[in-house]
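Enquirer: Here you go, one structure.
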Amino acid sequence: MTTPHCPPPRPIQEAAEPAPDPTSLLAILHSVDGGVAADGQPWPERHPLRSRQIALCDADCALAGQRVVQQLLLAAERARQNGDPDQYVGDRVMEGLAMAALALNSFIQERVRPQ
């Protein structure tokens, strides 16, 4: 008895999606994250107290939030300058992002400053 000839299964190729506009807010936001780096230097305090450790943890969380706010702000500004008018988030959102960055910055400064 012979086995029937069946081609091996192949994935179905769907129609290729058009490349996203490189000047859109989301495309810019994804590209902003590519160039971020840290200096890699250790914290200068050797043995911080428990309250200092908690303050540094708070500052670390706030820095993560500030990074996101700054990335959004930068991407929104680039979209305003280079993108279509419908990609711009508006003046009120830009002002809110700037105010959030300032508030996070003052919180971080308060927590990082040695007591």
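Enquirer: With a point put 7 Å past each Cα toward its Cβ, work out how far Val93 is from Gln53 in nm, to one decimal.
Expert: Calculated label separation equals 4.1 nm.
Enquirer: How long is the gain from Leu26 to Asp86 if the chain were fully straight, where each residue apart is worth 0.36 nm and the alpha carbon distance is subtracted? If you can, show how the numbers build up before the last one.
Expert: Working: separation 60, 0.36 × 60 = 21.60 nm, distance 1.26 nm.
The span from Leu26 to Asp86 would gain 20.3 nm if fully extended.
Enquirer: When you count, for each residue, the other Cβ atoms within 10 Å and take the mean per peptide, how do 49-55, 73-79 rank with the highest first? Mind dumping the intermediate values first?
Expert: Numbers: 49-55: 11.9, 73-79: 19.6.
For the peptides 49-55, 73-79, the packing ranking is 73-79, 49-55.
Enquirer: Report the dimensions of the range 53-112 along its three principal axes from the alpha-carbon atoms, largest first, rounded to Å.
Expert: Principal extents (Cα only, largest first): 46, 15, 11 Å.
Enquirer: Roughly speaking, what is the stretch gain from Cys61 to Glu110, that is 0.36 nm per residue apart minus the C-alpha to C-alpha distance, in nm to one decimal?
Expert: Once the chain is fully extended between Cys61 and Glu110, it gains 16.3 nm.
None of the figures in this text is laboratory data; all of them are computed from the coordinates on show. These numbers were taken from a predicted model, which means no experiment stands behind them. Neighbour counts are summed over all protein chains in view; Cβ atoms, including those assigned to glycine, are modelled from backbone coordinates with ideal geometry.
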